[in-house]
Structure formats: structure tokens, C-alpha cells
Amino acid sequence: MHPAPSVIIFTTCSGLGFGLLFFLGLGQPAVTGFVAFVFYVIAYALAVGGLLASTFHLGHPERAWKAFSQWKSSWLSREGICAVAALIVMALYALGAVFLHSHWTVLGWIGALLSLATVFTTSMIYTQLKTVPRWNMNLTPAMFLSFSLAGGALLAGAEALAPWLLAIAGAVQLAYWAQGDGAFARAGTTLGSATGLGDRGNVRAFEPPHTGTNYLLREFVHVVGRKHAQKLRVISLGLAFALPLLLILIPVSGLVVKHIFALLAVLSHLTGVVVSRWLFFAQAEHVVGLYYGKR
Amino acid sequence: MTQLPQSTERKMGLVIDLDTCVGCHACVISCKGWNTENYGVPLSDQDAYGANPSGTFLNRVHSYEVQPAEGPAQLIHFPKSCLHCEDAPCVTVCPTGASYKRVEDGIVLVNESDCIGCGLCAWSCPYGARELDVAEGVMKKCTLCVDRIYNENLPEVDRVPSCVRTCPAGARHFGDLGDPDSDVSKLVAEREGMDLMPEMGTKPVNKYLPPRPKDQIEEQIDILAPLLAPVAEEPKGFLGWLDKTLEKL
Amino acid sequence: MTIQQPQIDTSPKVSDEVRRTTCYMCACRCGINVHMKDGKVAYIEGNRDHPVNKGVLCAKGSAGIMQVNAPSRLRKPLRRVGPRGSGEFREIEWDEAISTAVGWLNELHETAPQKLAFFTGRDQSQSFTSFWAQNFGTPNYAAHGGFCSVNMAAGGIYTMGGAFWEFGQPDWEHTKLFMLFGVAEDHDSNPIKMGIGKIKKRGARVIGVNPIRSGYNAVADDWVGITPGTDGLFILSLIHVLMKAGKIDLDYLSRYTNAPVLVNAAEGPEKGLFLRDSDGKPLVIDRVTGEPTAFDKPGVRPDLSATYEKDGITHRPVFHLMAEKYISDDHAPEAVAERCGISSKRIRAIAAEIARVAFDEAIELDHEWTDFRGETHSKMIGRPVSFHAMRGISAHANGFQTCRSLHVLQILLGTVEVPGGFRFKPPYPKPVEAHPTPHGDRRPGRPLEGPHLGFPRGPEDLLLDECGTPQRIDKAFTWENPMSSHGLMHMVISNAAVGDPYKIDTLFMYMANMSWNSSMNTKGVMEMLTARNEDGKYVIPKIIYSDAYSSEMVAYADLILPDTTYLERHDCISLLDRPICEADAAADAIRWPVVEPDRDVRGFQSVLIELANRMNLPGFTNEDGTPKWKDYADYIVNHQRKPGIGPLAGFRGENGEKQGRGEVNPDQLNRYIENGGFYVAHIPEGADYYKPWNTAYQDWAVDMGIYDSPQPYLFQLYSEPMRKFQLAAEGHGDRQPPEHLRQRIKDTMDPLPIWYETDQQGNDGFTVNALTQRPMAMYHSWGTQNAWLRQLHGRNPLYVPTKLMREHGLQDGDWAKVSSPHGEITVPVMEMAALNDNTVWTWNAIGKRKGAWALQEDAPEATKGFLLNHLIHELLPPKGDGQRWANSDPITGQAAWFDLKVKIEKAEAPSDAESQPEFGPITSPVGTGPKDLAWKVGK
């Protein structure tokens, strides 16, 4: 799949933003006033910024409001509804925290759940696609959720939870790769089944239908950079989880140093997740590539 | 409306004969012509006279080589467009309801004025049947020429998809695959028509007729008696045979 | 379901109006319905009523809308301002263009008409363009047949009075076995696809003989990946097996062919010619009387076997000579298998299948008919085996004899003009005797005495002057290629460049991309077109060119006469020329301006008429000096070749009720337009098979104006005209070949089909066959500019068989250097498994010159695309005697494109990743096309 910057930014940022909102909704940290304002600005900047980025890959963003209608069947529609609901609920909750210095616990829990649900619906947009076996796995939502929680915890400064969540997310990431690498083969879709010609002999794609490129190839077939996948995985794992873990576990003295380390941990995590998401798309092979002799 | 109908009154679709398709691309261009001028926005072309021409097409002809265990490799031309699946994932994923499957005939269509161009329907389609038009930012796909097949401004004989009407080799057939007595259903039964990627569970309406076995002549024909039993080994003997045979004529 | 699905308009208005005309996206001439909206072309589909395509239409046809609106269309007459080849022009008015051309041409017409060489490429108005050239008085006229398929056409006409494609077709309704040889995907386009579809539906077998298994060969039930150039060997082996097994139609051979005709065995100038009676009629032995009798005497039963003793000499019939030749072990499958690349078992299996279908599955139609000897037959016997072949067998230096071999195979089986076999389309069958001989006299100010092109009957018809110098610039109808019935367009520029046989003044060409894909030795041709004498003037002083598009050739002309596109013009696809007939009907068609040009361009044929009128060319001028026709449309309606016979056969006579023969009808074009742009005259039942011998057909053909009198004839298994050339080479007669050609003529002009190895002199080390094909969706260079079609084929790799890929360590996308004795190219490769193990190939004419066709200079056609033409020379490598022989068939002069042998080596990708050789860009006289397209003319 084409690793479009818009979807990489979207899934990374909104995952992180909603992760932070999740923790804020649970009152972790239980901040109020200006400090709360800063936290919510960060959370909304990430969540809304991510959502806005996602509209860049739309042909008609001005019609995006129509996307709320099909919640019965469409995960994308559900995501939109969840996101808006989460943002509204958390906005109310934030109002209380920032201006009234009060935490409306029930509202916060609802907001937290909606935030998590948003991340889950986002992940289901990918998970539901049988056409991309590497995504069509239970580990896909697990990965999105664990990343969101780990990132959220990191941002929220949930010192107790963050190391555990980072470790879990790292483990899920490893499991995802391990399972994902065999997913296409396990799905059983081959050029033989794609053409129905498999029982006649070995099928090989000869000339493509057009000598130039097309939407499908641009969107679904991305082979550039895949050969660096193993290196990128190490980098991603290191930046997203190992380094942040190290940075928050190193005992340091002084609030400034601590905050600098925390900031570095967040930036490292963010970069690592971006790399992971790049791999998430770039390594995902759509079955339609078979028709073109490419994956 | 992105939920799929429980069932459709008819299952209109195409039957494509891989035994006969010569790979001429007539269907591709006829489709381009009709659908540029008709249903929805035109099928645009980018860099039309430049280095990377790339346009929207609703139907494309691939080609594959099959190497059997015995005998020479075979080349098979393979036209592919929307298969109008019964369980069309492209419909259910659509967030706006722009994608839908018609109750009356099962045709999968995009209501372009509702399409936000998110591309998810194309992601969900295993067949590569949907292409986002770059100029207009909406999803384009085979309409089964819904603006031809019922069109009262066309003579009845022409109320078929443009790819079917134009196919020189007659490798494309159109009809109701939900009716077991239709010509297309009979053809599918007789020639053991097949589904593409059945494991995807999409239940495509369009069927493909497999190529007949090839390169069997040496097994099928007895090259000796009586067909090729020599009447003589030498020209002289041949002339003797000739005389005798002419006597009998 | 509670939500309503959208309401859509399923009955939108399709168009304001449908205008029916004839396609010209290739040479197939299908009928098209052009849907108009607001006066613009909105959509093009096939015309269901049309005899050629019956509603279907290929990719090219449907892409016509992109052709009519192509940015590469020329817009105005052009006069060269830069050096030749630069592409620098200034736009001029038509007045200036016409007067410039008249200024150049009129003097030649009046003083030395042969100094004009007028050649047309993909011309569908040859009966008109040749008429113009004939009246101009130049002997130098031909169309492109010499480098296309003259072997096929001439081989067919000399053998049986017609060939494939426009001459005839398989009986698609009845055939049970269809075998096609060397058919590129475009010859011919829709009818073959429709036919294959039809017979496959019936489960009939298709056998494809072609080194490349693409297109029609891909759907063939059995593919014979033959070694290029050995088709004749394979066919003669089939003949060997079938004759030896007695699986031949003796009755048919005795009645309808010259198999029983007696051949003179007496030593001397008549040896090998037919014994004839005092009326000149060939003699056969009548089985009833045992006496030599004229072949066509009523009631005669020709004897295939009997010999004739006279003066102690035994004269034997043709069939004896055939038995001797073909039953010989030289033709046994085992003897040819290795050279053909086909196992002997497979050859036998194919022969057996042919025999089984022809004889065990014979069909009978209950149609009574009467033959030319007056005998009435109650049934028509059909042998349902049919064949089709095209350039793959004809574009070899042994192509003429190979084509003859295939026709002889059909005739031995009795499958020609019978149900289920091969059927002629009017005006064919037409024996050699009904065709003209060539004419090449040069008489200033006066027309040629007859048509340029024809069918020589013997050395007396060669176009040589008293001292043996060729009369034509292309040396057609000379000892080098005596039966060159289509001329040799591929030799015109190279001969003119060296002034051999003489210098010319003006080269005038139409629709022929000679500086690119239509020439062998493309680079050499560019050099010849730009070569200068010591005085700095061009060796070919003046070049006039007409084309509708900015092709590569435009840059090499001094004066450009911009033609219209096919939807903006009048044309006629005439029975005098290459009509659209079917086996069941005579038919012709027109084109008419369904849209008016939006540029300052004119139909080329109308321009020719204007030139003729300005020069007062005879034939174009009334006795009072006024012009006969003002434009081509006027000519189409009012010209009469013979009284009552004109370019169009339909709607003749005052009321438009006559067909074939009839007075001029001023309303004729309107009647054609009302009728869909064509006219069909059906052949009555009972006259529709056995046409060469069927009295009912012959009478119908006379009524139609196809013949002036019935022309029954025998199929020429044994070709007497060829024997006459051979006799000359043996030293008989006044007209003698030059010594260096004597042996070759003796060897190649065998009156019975033979196979010989093509001349591989100088090919040591070049062992791989290299071929080209045209993609079905594209035709010559025209299609490459087409915004829709160029997306299908925007570049052309060299397809290399798996075996050679492995041997050379090649993978898809790698580059290879391909060299021949003449040149080298460096090109990208792609693996193909369904390909002869020792053959590489590519699509023809996708490669483009930078700056041509309004494409941007970085278009893949110009960067990755390439021509194989650079590897092919119009001459073979030098021989020991210093002579360089033409790379052509020694009988017809057909360009032997497919004899090319190459060497292939893995190469580094060129530094700019562009195919080599590269040529500098030419200045586009029309700029380049727009970036994006979204073509919708309706609201």
C-alpha cells in the first residue's frame, strides 16, 4: 500500500492525541487550569490535526460530513462519529477542568471510552480489509490500541503505567510483524486463484493492461524502500519503545532534566511510531497487486 | 444505503470467455468512450501526451502466461472490470452511502455527488475494479452501462453494456446470472464458469469461462491408419494408385 | 431497506444525431456510427448493418474521437524554412501551396514525367491516385504493398486468382478447422476476431502457426511456434504427407485446376510451357475420348493421370510433376522437422487432422449449380478446412513461393471456393488474365498507356528500356524482381539518392512515414533525404508530403499539404480498388465529412484534383479545356472508368436503382449516406460458391460490371509465367537476364512451389530471429499519438524467450544490445515464455522520434520505445562479387523484413536510460498536446 504522508500523520497523531485524551478523561493527570489547558491543546492538536490530515487524501473533503451517515456498516463512518463524540465530550470535560477546576468523572470516563473507541474504529478500517492480509488480523487493533495507550501514557506523564504500556506495545508490535509476515501466504490468495487459471499450470503475469501506471498501482503497489524493512523495524522499535523506556526509567534528578527527558521520550516515540506506520502501509500487500504481478 | 440488500431481484452481470478473448482491448476503449461521455464525470487522463500518461479506466485487459507441466506455455488475455459481487465489500465500507448495490438488478454503483473520494471502497475490492478519478476526486467504476441497458433512446438490441456490444470476438456476454434459465447462466453451467478469488467470499456475479485445453492434437489424432496410411511410398506407386482411383471415380 | 437508493436516469439521451461513415483507424474499413452532440463527435460505435464489422468495433475504432481531436493534427500548409529534417516551417496559404506544387510539377509533366516519384503509403484511394499518376505520365507510382504483403497478394493471384484478407475469407459459417499462418494481430482486424469467435463457439479447432503466441495464436487450440521463414517447408511437408496418403480431392483437381494440363516436355523454348490448341487454350486429356482437348470444352473430363505421346516425346500433366516433386523424401516430416522447429509427429498429427476434417467431415449444401463446361451439379460439396495467412509468411525472401505453397495446399484439399473452405470476395476471383500488365512508358505531356502496376505474364512484360535499364525508379518489373506487382516503395528513396537507375526531381508522398517506421534502415533514409550534392543542393531536389498528422516524415519535406482526418473527408472504398466485399456480396463504402475541419486543411484527393486541374492533366480535363471535377466528391460521383462503371457501384442510374453498371446519379453520395455509408449487392444463392467456375456467379459478376464477359479459369498449381522467366534464364528468348541474376532466377522461379533458405550471406554469428508485430489496439504510428491508445502501448520492450533470457542472464527490465550485420540497438527486454525459443520480437512503430506527433520529448515512446528497423537494411550485406542484393523476395521484390537475424547481449542500461540509438528532437510544427484531458462534449 502506498504510505501516504496524510494517513501516516493521521494514524500517528490521532492515535497519540486520543491516547492522551483517554488518560485525561480518566483524570490522569488530574490537572486543572492553565496546565490542563496546555494538556488539552496538545491532545486536541494531535487528535484534530490528525483527523484534518486524513482529509487531505479525500477527493472531496467538503463532503466529509456525509461520512457520518453509514455507521451501521462502515467503520470509517463509525470512526468519524466516535471521533466527533469523543472530541465533544472531552471538550466539555476540558471546560470543567480548565475553567471550573472540576473533574466531571462520569463525563471523563465516557470521553475516555469514546477516545479509545475512536482508535479502535480507526484500526478496524484497516483490520476489516480481507484484501490486505497483513492488516486483516486481530493484532491490528491490538497494535493501534496499545500504541495509543502507550503514547498517551507517555504524554500524560503516567509514570507508573507508561513503562508497562510501552513494553506491551513493543511486544504487540513484534507479534504483529511476526504474524504479518506470513499473512499473505496464509490468506491463500495467489495469482492462480485470482485468475482461476492456477490448476492449469504455473501462472505468471505477462504484460500489464496498460504500459503506464494507474490509480491502483499508485495506491496499492508500493515496493520502494521495502528492502530496508528489517533495518526500519529495528529503528522503529528502538525509537518508539526502547529509547522512551530508557529515557523515562533512567533515574534523574531535577524537574527540568526530567521534563527534557520526557519530551525526548515523546519525540522519540512519535518518530518511532511514524516509522512503524510507514512500514504498516509500505509492507502491506494488497491482493490486487497479484493481477499486476506485483505485491 | 451502504448496507447490502438481502437479495436482488436480478443479478445482472458479465460472462467473459477466456477461451475466446484475443486481448484486443476493444472493450477497454469502448468503455472509456461511453463512460467518458455518459454516467457521471468524464474518465480523465493525466499527462495525456507526456511522459507518464495515466487515465481512469473501468475495464482493463491483463495478460498471463501459464506454463503447464507438459507442452508449451500459453498466453491468456484477461479482461477485468467490476464483478458486481453479491457480498460487495466496497459497498459496506463506504462511509457516505455513495456506494450502493441496486435492489432491482444488483448493479453496484457510485452516487458521485455523495462520494468523498476516500478510496476505501477501492481498498476493499480485491479485483482492482474501482479507480479514483484524479481530475474530479470521485470514485469511478463499471456501471454495467446502467445508462444503456434500460435506455429507451437506444434500439433494444443495443441495450447491453458497450463492452459487450463492441467485443469483436464475442468473448463477452451479458445477462441475468440469477436466472438459471438465462443464456448466460446456461453458458456458465456448460463451460464450468468460475469465480475469481472465491476465497475472498465476495460472491462475484461476473463469471469467467476457462480456456479449453490446448495443444492436445498429438494425443487426439491417430496419425497412422487409416487417416495417413500411405497409398504409395514412391511417386511411381502413387501414379499407379492414381490410375486405379480415377477408374473408380 | 428503509433508505431509498438514488434515482438515476437510465434513459439519458444518447446523442443529437448519428452520422454513419467508414472507420479509418486502420485498413479494416468498418462501418461506424458517429454520435454527435452540439455538432461535435461524442462517441463512436460500430454500425450493426455494416457488412465488415456488423456492429463490433476494435479499440482503435472506439478511440477515433481522440484521433479526430489529436493535438498532432497539422493545421495549415507548411513551407520548409530550416534545413531538411529540422522540422522548421512557416505556415503558408493554400494558394501558395498549390502554386508552389504546380510550379514544380507542371514542368516535369511537360518535359520529363518520370522525374516525379509519386508514392502513397496507407492509401485507400489507389484507383484514384494511380489514375492521377497515370495521367501525369510518370511511371513512378505505387502504394505500400511492396513492403507490406505483395507476396501474399501476388502469390494468391498467380495461383488462384485471389488471396486472403481483401481478396477472400474463410467460410466462417461452415468451417470446422481453421489454420492461420503468420498473422499479425491487425490483418485483418475485426472480421478475423469475429470469425474466430464464431467458430470457437461451435467448438471448431483453430491452429495457429506463428513463432509468437499472442493475439489470435493465444486463443488457438494448437500453437505451432515455427522457426521464422520455414513455413513453406512445413506446408510442403503437409502436402507430402497428404498426397502420399491420397488425402487430396482428385475430382476437384481434375475439374478446376491445371493439374491435368499437359506440360510440354520437348527440349527447347517451349519446354515446361503448356501444350495448347490453336486458340491458345491449354490441353488436357479427356478421359472420355483419351484425346488432348481444350480444358474448357463442354463435357470434357480432364484426366489427371494420362500422358500424351507425340513425336516420341511423352508430355505429362502437371499432376505427374507434382507427385514427383512432393512425394520425394525431401519433404518428409522427418526431413524438415528440425529446420521448422516442429516435431515430425506434430506435422503428421496436423496433416491427419486436416485430412480427417476435409474428407471425413465433408459437408454438402443442397444448392444446384452449373459449371463452365455446362455440367450441372445437384450439390455443393464442402471440405470444411480453411486457412488464412499474412505477413509472417510473406515478408521473407522466400515468401512468394511460400504463399504459393499454402494456396496449393488449399487447392489439393479442394477447399477453395467450397462450403467450409476459403471463399473469394468480389471482385475476386479474378485470374491473372483479367488483370493488366504493368506500364512504364514515359511520354512528356501524355498519360501512361495503361496502369502502372500489373501482373507480368513473362519477360515481355518487364519494364526495361532497349538497353535493359529499368523504367521505374524502384526497379519494379525488372530481372531483380520480375513479378513485383505492387512496386517497391521501400527502394524509392535509396535508388533516388544514388540516381540509380536515374535521378528524380520531385518526391511526392502521401501517408507514408518513410523517415521512421515505414522504412528499413531508418537512419540511412534520413541521411538520404538530407543528402546534398557538391553544390550544396539536395540530392533529391524537392519533396512534397501530405499527411494529416505531424509524423516524423513531415520534417523531411519541403512542402506540406495538410490532409484532413477521416471524419472530415470524402473517400470511396471502391470496387475498382480494395472494396469492403464479403464472400456473399459485393459491397463498397464511402467516407463523408461528418464534421467540418476546424483547421485550414484539405482532403488530399481533392488537392490532387486541383493540382491536375491547374496542370490541365489529360483525364482530368474536358475537351474544351475545363476541368472535369472540382473535388474528390465530384470525382467519386461523376467519374466513369468505363461507360456506366464508376468508383461507386451502388445507387447508380437516374433514380439510383441500378447497381454495378448504370448512369451517373448526382444524388449518389446522399443515397450512400442514407444507407449508412455503404452499399451491398448480394450474390444470389447457388452463385455463392465455386465462383471461378460457376456460371451463375460469372453472369452476376458481368451484370455487376466486375467482368466484361465471363472469365472462368483453372487454378494454377503450375505457374506458366514463372516458367517463362525460368526459360529466359535458361537462355531462351530475346529478353535475357543479366548474367549475375541468371542462376537465381532458375533456382527461385520454379513453376511449382518450392522452399529455399533465404539469403543469409554475411549473417555469421547472427543467429536469433527478430520480428515485429503490430498490436491489435494500435496501427502503425497513427495510434501512438492517441491519448487513449498510447496508455495501452506507450513503450515496447524486446520480448525474449525464456531460454535466451536464461542464457544471457537477463531479467525483466534489463537492457540488451541487439545487433545485426547492419546496425545495433540497445533496448529494454521482457521475458516471454510463449515464444519460439530462438526468436525475439517487439511491437512495431511504438517508438517515436522526439518532437513528432505532438508528444512531449520525454514521452516513453521517444525515450523507451524503439524501432527494429535500424537493424534492417534495404540491401543485404556485400557478397564476394561486390554486388549488394536487395533484401527482398527475388520474385516480387517484397521487403524481407522478417529475414532479420540478430545477436543479443546483455548490456548496461544507457546512461540516460533511453533506448539507443537516440536521435535529436525535431521541431514540432504543431507544438505539444495539453497536459490533462477530460473529454466530454455533452452537458
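The values are calculated or read from the model by the stated rules, or taken from the named source; none is laboratory data. Small disclaimer: the values here were computed from a predicted structure and weren't measured. Methodologically, a virtual Cβ is constructed for each residue, glycine included, from the backbone with ideal geometry; neighbour enumeration extends over all protein chains shown.
Anything in the range C:279-295 that is over 17 Å from C:D251 (Cβ atoms) and either hydrophobic (A, V, I, L, M, F, W, C) or assigned to a loop (DSSP other than H, G, I, E, B) (or both)? List them, or say none.
Those that are over 17 Å from C:D251 (Cβ atoms) and either hydrophobic (A, V, I, L, M, F, W, C) or assigned to a loop (DSSP other than H, G, I, E, B) (or both): C:D279, C:G280, C:K281, C:L283, C:T289, C:G290, C:E291, C:A294.
Would it be correct to say that C:S62 is at the interface with chain B (Cβ under 7 Å from one of its Cβ atoms) and surrounded by fewer than 16 Cβ atoms within 10 Å (Cβ to Cβ)? Show your work before the answer.
Values: at the interface with chain B (Cβ under 7 Å from one of its Cβ atoms): yes; surrounded by fewer than 16 Cβ atoms within 10 Å (Cβ to Cβ): no.
For C:S62, the condition - at the interface with chain B (Cβ under 7 Å from one of its Cβ atoms) and surrounded by fewer than 16 Cβ atoms within 10 Å (Cβ to Cβ) - is not met.
Across the range A:1-29, which residue is nearest to the other protein chains (Cβ to nearest Cβ) among those that are within 14 Å of A:F144 (Cα to Cα) and small (G, A, S)?
Restricting to residues being within 14 Å of A:F144 (Cα to Cα) and small (G, A, S), the top hit is A:S14.
Of everything in the range C:886-928, what is of a type in the set (A, V, I, L, M, F, W, C), over 30 Å from the mean Cα position of the chain (by Cα), within 27 Å of C:F147 (Cβ to Cβ) and not in a loop (DSSP other than H, G, I, E, B)? Give them in sequence order.
Matches in the range C:886-928: C:I904 only.
Being without any contact (Cβ under 8 Å) to a residue 24 or more places away in the chain and within 7 Å of another protein chain (Cβ to nearest Cβ) is the requirement here; does B:E218 meet it?
In short, yes.
Select from the range C:104-126 the residues that are surrounded by fewer than 20 Cβ atoms within 10 Å (Cβ to Cβ) and among the polar types (S, T, N, Q) and list them in ascending order.
C:N106, C:T111
For A:A64, only one of the following conditions fails: (1) at the interface with another protein chain (Cβ under 7 Å from one of its Cβ atoms); (2) within 24 Å of A:S148 (Cα to Cα). What is its number?
(2)
Among the residues that make up the range C:79-90, is at least one of them hydrophobic (A, V, I, L, M, F, W, C), in a loop (DSSP other than H, G, I, E, B), touching a strand residue (DSSP E or B) at 6+ places or on another chain (Cβ under 6 Å) and modelled with pLDDT under 95?
No: the range C:79-90 contains no residue that is hydrophobic (A, V, I, L, M, F, W, C), in a loop (DSSP other than H, G, I, E, B), touching a strand residue (DSSP E or B) at 6+ places or on another chain (Cβ under 6 Å) and modelled with pLDDT under 95.
Evaluate the following for A:L145: is it farther than 17 Å from A:Y44 by Cα and hydrophobic (A, V, I, L, M, F, W, C)?
For A:L145, the condition - farther than 17 Å from A:Y44 by Cα and hydrophobic (A, V, I, L, M, F, W, C) - is met.
Which is at pLDDT 95 or above, surrounded by 15 or more Cβ atoms within 10 Å (Cβ to Cβ), hydrophobic (A, V, I, L, M, F, W, C) and touching a His at 6+ places or on another chain (Cβ under 6 Å), of C:L262, C:L321?
C:L262 is the lone residue from the list that is at pLDDT 95 or above, surrounded by 15 or more Cβ atoms within 10 Å (Cβ to Cβ), hydrophobic (A, V, I, L, M, F, W, C) and touching a His at 6+ places or on another chain (Cβ under 6 Å).
I'd like to verify a number: residues in the range B:239-249 that are at the interface with chain C (Cβ under 7 Å from one of its Cβ atoms) and under 19 Å from C:F359 (Cα atoms), how many?
5
If you take the residues of the range B:57-85 that are of a type in the set (S, T, Y) and within 7 Å of another protein chain (Cβ to nearest Cβ), which of them is surrounded by the fewest Cβ atoms within 10 Å (Cβ to Cβ)?
Among those that are of a type in the set (S, T, Y) and within 7 Å of another protein chain (Cβ to nearest Cβ), it is B:S63.
Can you confirm whether C:S888 is crowded, with 21+ Cβ neighbours inside 10 Å and assigned by TED's automatic domain parsing to the domain that holds C:R774?
Details: crowded, with 21+ Cβ neighbours inside 10 Å: yes; assigned by TED's automatic domain parsing to the domain that holds C:R774: yes.
Criteria met by C:S888.
If I filter the range C:592-620 down to residues being free of Cβ contacts under 8 Å to residues at least 40 places away in the same chain and among the acidic types (D, E), which single residue comes out as surrounded by the fewest Cβ atoms within 10 Å (Cβ to Cβ)?
So, considering only residues that are free of Cβ contacts under 8 Å to residues at least 40 places away in the same chain and among the acidic types (D, E), the one surrounded by the fewest Cβ atoms within 10 Å (Cβ to Cβ) is C:E596.
What are the residue pairs meeting all of these: first residue in the range C:206-223, first residue at the interface with another protein chain (Cβ under 8 Å from one of its Cβ atoms) and crowded, with 24+ Cβ neighbours inside 10 Å, second residue assigned to a helix (DSSP H, G or I) and not basic (K, R), Cβ atoms under 8 Å, and 6 or more apart or on different chains?
That search, which allows pairs on different chains as well, returns C:Y216/C:I192; C:Y216/C:I196; C:V219/C:I196; C:W223/C:N217.
Of B:G33, B:G50, which residue is within 7 Å of chain C (Cβ to nearest Cβ), outside any loop (DSSP other than H, G, I, E, B) and farther than 19 Å from B:Y127 by Cα? Don't jump to the end; show me each part of the working.
Working: B:G50 fails: outside any loop (DSSP other than H, G, I, E, B).
None of the others qualify; the one that does is B:G33.
Scan C:F147, C:F131 and give me the residue that is more than 10 Å from every other protein chain (Cβ to nearest Cβ), part of a helix (DSSP H, G or I) and at pLDDT below 95.
C:F147
Restricting to the range C:743-770, give me the number of residues that are within 26 Å of C:V408 (Cα to Cα) and either outside any loop (DSSP other than H, G, I, E, B) or of a type in the set (D, E, K, R) (or both).
Initially, the range C:743-770 is screened for residues within 26 Å of C:V408 (Cα to Cα), giving C:743-759.
Filter once more, so that each one left must be either outside any loop (DSSP other than H, G, I, E, B) or of a type in the set (D, E, K, R) (or both): C:743-748, C:750, C:757, C:759.
The number of residues fulfilling the criteria is 9.
Somewhere in the range C:364-373, is a residue polar (S, T, N, Q) and within 9 Å of another protein chain (Cβ to nearest Cβ)?
Scanning the range C:364-373 turns up no residue that is polar (S, T, N, Q) and within 9 Å of another protein chain (Cβ to nearest Cβ).
Identify, from the list A:S73, A:S148, A:S123, A:S102, the residue that is in a helix (DSSP H, G or I), among the polar types (S, T, N, Q) and farther than 26 Å from A:R186 by Cα.
Working: A:S73 fails: in a helix (DSSP H, G or I); A:S123 fails: farther than 26 Å from A:R186 by Cα; A:S102 fails: in a helix (DSSP H, G or I).
Residue meeting the stated conditions: A:S148.
Within the range C:587-598, identify whether any single residue is touching a Lys or Arg at 6+ places or on another chain (Cβ under 8 Å), in a strand (DSSP E or B) and under 30 Å from C:G168 (Cβ atoms), and answer yes or no.
yes
Being in contact with a Ser or Thr (Cβ under 6 Å, 6 or more places away or on another chain) and aromatic (F, W, Y), is that true of even one residue in the range C:499-506?
no
Among the candidates C:I235, C:I207, C:I196, C:I239, single out the residue that is touching a strand residue (DSSP E or B) at 6+ places or on another chain (Cβ under 7 Å) and either part of a helix (DSSP H, G or I) or not assigned by TED's automatic domain parsing to the domain that holds C:E334 (or both).
Sole residue among the options that is touching a strand residue (DSSP E or B) at 6+ places or on another chain (Cβ under 7 Å) and either part of a helix (DSSP H, G or I) or not assigned by TED's automatic domain parsing to the domain that holds C:E334 (or both): C:I196.
List the number of the failed condition for B:G117; all other conditions in (1) away from chain A (no Cβ under 11 Å); (2) touching a His at 6+ places or on another chain (Cβ under 8 Å); (3) not β-branched (V, I, T) hold.
Evaluating B:G117 over (1) away from chain A (no Cβ under 11 Å); (2) touching a His at 6+ places or on another chain (Cβ under 8 Å); (3) not β-branched (V, I, T) leaves (1) as the failure.
Would you confirm, using the coordinates I've provided, whether C:T376 is under 19 Å from C:P191 (Cβ atoms) and either more than 16 Å from the chain's Cα centre (by Cα) or among the basic types (K, R) (or both)?
no
Residues that are in the same structural domain as B:L109 (by TED's automatic domain parsing) and either surrounded by fewer than 20 Cβ atoms within 10 Å (Cβ to Cβ) or in contact with a Gly (Cβ under 6 Å, 6 or more places away or on another chain) (or both), at least 2 per element: which strands (runs of 3 or more DSSP E) completely within the range B:134-249 meet that?
It comes to B:207-209.
Consider the range B:38-47. How many of its residues are facing another protein chain (nearest Cβ under 7 Å) and either over 22 Å from B:C24 (Cα atoms) or in a loop (DSSP other than H, G, I, E, B) (or both)?
Count: 5.
Among the numbered conditions (1) surrounded by fewer than 21 Cβ atoms within 10 Å (Cβ to Cβ); (2) within 29 Å of C:D371 (Cβ to Cβ); (3) under 37 Å from the mean Cα position of the chain (by Cα), tell me where C:S344 comes up short.
Just one mismatch for C:S344, condition (2).
Which of (1) farther than 30 Å from A:T32 by Cβ; (2) not in a helix (DSSP H, G or I) is the odd one out, the single condition A:A158 does not satisfy?
(1) is the only condition that A:A158 fails.
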